[in-house]
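Below: the structure, in structure tokens.
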Amino acid sequence: MWQFFHKLGSPKWFYGIATRLMPWLLVAGVLLLLAGIVWGLAFAPKDYLQGNSYRIIFIHVPTAFLAQSVYIMMAVAAVVTLVWRMKLADVFVKAVAPVGLVLTFLALFTGAVWGKPTWGTWWIWDARLTSMLILLFLYGGVIALDRAINDEKSAARAVAVLVLVGVVNIPIIKYSVEWWNTLHQPATFKLTEKPSMPAEMWVPLLLAVLGLYLIFGWLACLRMQTEILVREQRTRWVKDLVMAGRF
Amino acid sequence: MNPIRKKRLTIVLFLLVGIGVAVGLTTYALRQNINLFYDPSQIAAGEAPVDVRIRAGGMVEEGSVVRDPESLKVVFRVTDFNASVPVEYVGILPDLFAEGQGVVAMGKINGRGRFVADQVLAKHDENYMPPEVADALEKASKGQNKAGETAQPESY
């Protein structure tokens, strides 16, 4: 197991694996996401109260879900950076932070668009919305802090500490609707109970979430490869790769 | 794992636990400020300040909505099934406003214990269902009511 772990730390090894993995991730991801979105937007039944406006959940829930998962993944990578000083973990954090930022923004935006017809307001300072806004700022802070420090190693450590400090926000987002009175409704999906939504609604939603996960995987590989090429530009294998025109 | 890494891992764990405890205590201390609204039980118990702008939230009591035919004035009761508060509002209500649905109203409690709202937002619950299923459920529950059973709402 440790051998695999150390292999994972080798940028060259990862570069090769990513190249082989990416087409599969992209094709499967696009297919699942398209199936979920088309099914959800066009064929799923409408809601008895909200009518068609509820359909924004087929975009809102996957983006909000991913925005939080990406942060958790970044936190795991941050621990690896701090404890094992593995370069690839830092490459991951830097590569996916902007993706997380965009996902969080999309979740907030689609939520606002849905909130206007449903609640009667675009924005309210309740615990769920506010903690999600903090997540947006955390992503922004991670990106800014990384850009602000020139030295690669210091930047990696500073960013890792910031990511770890911010991870307390994730359970707050998740449980905000249970701990406090909020305008945002509680979770429809719980691990322990049946979803309070019929299968013809949650199956397309699940497809969209899985599809977005795979597309995120593809995007993470792509961005990590770019970052690796930049960082390892002086090494033998990158020079060979560039000379051969295969990148 | 070598000793240096073990030490680093311990520091990271302490960092996480420390921040977790700090944030936990802070949010616990601020819980009344983080709560978006007071529920009717709190208002009935006198926990909510009078004549200060606050939010009240709960469910619109069945059969309590009275609309003024001359104006946009609406009076209804907001309940959490323990206590209820009369709410007065002048303005356009959101589409999802209905008896038995959740609302969050912003306004002040006046001297006579009535909540005068200047904004009413609809609160949606986590349940989604197709219209046909909702119709069928409603028919079924009406049938039950006739049989002498009272349907207890689970949540709001």
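Couple of notes before you dig in:
- Gyration tensor (alpha-carbon) shape descriptor, segment A:170-233, a/c threshold 1.5: oblate
- Among A:227, A:178, A:193, the largest mean-square fluctuation in a Gaussian network model of chain A, built with springs joining Cα atoms closer than 10 Å, belongs to A:193.
- By definition, a body whose alpha carbon gyration tensor gives a ≥ b ≥ c is oblate when a/c is 1.5 or more and a/b is not larger than b/c, and segment A:15-243 fits this oblate description.
- Rg to Rh quotient for segment A:117-247, alpha carbon positions, Kirkwood Rh: 1.10
- Which of A:156, A:203, B:30, positive extreme of dipole for the protein assembly as shown (C-beta unit charges): A:156
- Taken across both chains, chains A and B shield about 3600 Å² of accessible surface from a 1.4 Å probe.
- Per residue accessible area in Å² of segment A:15-243, where ligands, DNA and RNA are left out and the probe is 1.4 Å: 46
- Ordered by solvent-accessible area of protein heavy atoms (1.4 Å probe), largest first, the residues A:203, A:209 come out as A:203, A:209.
- Against the criterion of solvent-accessible heavy-atom surface with a 1.4 angstrom probe, A:56, A:228 sort, most first, into A:56, A:228.
- Accessible carbon and sulfur surface of segment A:15-243 relative to its total accessible area, %, 1.4 Å: 72
- Rounded to the nearest 500, the helix-only mean residue ellipticity at 222 nm of the protein assembly as shown stands at -20000 deg cm²/dmol, with each DSSP H run of n ≥ 4 adding -39,500 (n - 2.57).
- Cβ-derived FRET efficiency at R0 41 Å, residue B:17 paired with residue A:19, nearest 0.05: 0.55
- Segment A:33-75 and segment A:209-247 have Cα centres separated by 29 Å.
- Whole-Å distance, taken between Cα centres, linking segment B:71-96 and segment B:20-41: 26
- Cross-link pairs exceeding 21 Å in C-alpha to C-alpha distance, out of A:174/B:123; A:153/A:174; A:153/A:239; A:46/A:116, comprise A:153/A:174; A:153/A:239.
- Cα shape, the protein assembly as shown, gyration tensor, a/c 1.5 rule: prolate
- Computed magnitude of the charge dipole of the protein assembly as shown (debye, nearest 20; Cβ of K, R +1, Cβ of D, E -1): 2400
The values are calculated or read from the model by the stated rules, or taken from the named source; none is laboratory data. Worth saying up front: this structure is predicted, and the values here are computed from it rather than measured. Don't worry about glycine lacking a Cβ; one is built from the backbone with ideal geometry, like all the others, and counts go over all protein chains shown. Just the protein is used for accessible areas: all its heavy atoms, side chains included, with ligands, DNA and RNA removed. Shrake-Rupley method; radii C 1.70, N 1.55, O 1.52, S 1.80 Å.
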